[in-house]
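Note sheet for the following structure.
The values are calculated or read from the model by the stated rules, or taken from the named source; none is laboratory data. This structure is a prediction, so every number in the text was calculated from the model and none was measured. Reconstructed Cβ throughout: ideal geometry from the backbone, glycine too, with neighbour counts over all protein chains shown. Side chains included, ligands, DNA and RNA excluded: accessible areas come from the protein's heavy atoms. Shrake-Rupley method; radii C 1.70, N 1.55, O 1.52, S 1.80 Å.
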Amino acid sequence: QVQLVESGGGLVQPGGSLRLSCAASGNIVNFNAMGWYRQAPGKERELVAVILGGVTTDYGDFVKGRFTVSRDHAKNMVYLQMDNLEPEDTAVYYCYARMLPRGADAYARYWGQGTQVTVSS
């Protein structure tokens, strides 16, 4: 069974930093996207950062150079380094991947269970 498991969320003061990690496990043939979305209370889920094709990165407009997404291909992991956090960054952060499991004939989207990030003084 293919799954994504996040870690690294928590409470941080404005201006602080957090690093989120996500591990993909299971019998996976390939990825063509891996990254992060977030959802704040009362708002829709939105893109934070994603790596496409293992090379191209795309960020939400609100990131403004504060976050960096990276991957460890050998470990099937993706990371999100978040610096200069603001209260508006408070949300549940979800790991996302588009993966091809062994035995499947098409890529499918997978989501982690989410990790809470709270930015508050």
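The conditions are (1) under 14 Å from the mean Cα position of the chain (by Cα); (2) more than 15 Å from Arg109 (Cα to Cα); (3) buried (at least 17 other Cβ atoms within 10 Å of the Cβ); (4) touching a residue at least 60 places away in the same chain (Cβ under 8 Å), and Asp89 fails exactly one of them. Which is it? Among (1) under 14 Å from the mean Cα position of the chain (by Cα); (2) more than 15 Å from Arg109 (Cα to Cα); (3) buried (at least 17 other Cβ atoms within 10 Å of the Cβ); (4) touching a residue at least 60 places away in the same chain (Cβ under 8 Å), the lone unmet condition for Asp89 is (4). Regarding Ala49, is this residue assigned to a strand (DSSP E or B), out of contact with any Ser or Thr (no Cβ under 6 Å at 6 or more places or on another chain), without any contact (Cβ under 8 Å) to a residue 40 or more places away in the chain and open to solvent by less than 30 Å² (accessible area, probe 1.4 Å)? Yes: the conditions hold for Ala49.
Yes/no per residue for (1) in a loop (DSSP other than H, G, I, E, B); (2) open to solvent by less than 60 Å² (accessible area, probe 1.4 Å); (3) of a type in the set (Phe, Trp, Tyr):
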| site | (1), (2), (3) |
| --- | --- |
| Arg71 | no, yes, no |
| Asn84 | yes, no, no |
| Tyr94 | no, yes, yes |
| Arg98 | no, no, no |
| Gly103 | yes, no, no |
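What tally of residues in segment 1-22 results from selecting those that are outside any strand (DSSP E or B) and either closer than 21 Å to Thr90 by Cα or among the acidic types (Asp, Glu) (or both)? Number satisfying all stated conditions: 7. Of the residues making up segment 23-40, not a single one is outside any loop (DSSP other than H, G, I, E, B), at pLDDT 95 or above and open to solvent by 70 Å² or more (accessible area, probe 1.4 Å). Restricting segment 53-69 to residues that are more than 16 Å from Pro87 (Cα to Cα) and among the β-branched types (Val, Ile, Thr) leaves a set whose member that is surrounded by the fewest Cβ atoms within 10 Å (Cβ to Cβ) is Val55.
Among the residues of segment 105-121, write down those that are surrounded by 12 or more Cβ atoms within 10 Å (Cβ to Cβ) and assigned to a loop (DSSP other than H, G, I, E, B). Tyr107, Gly112, Gly114, listed by residue number.
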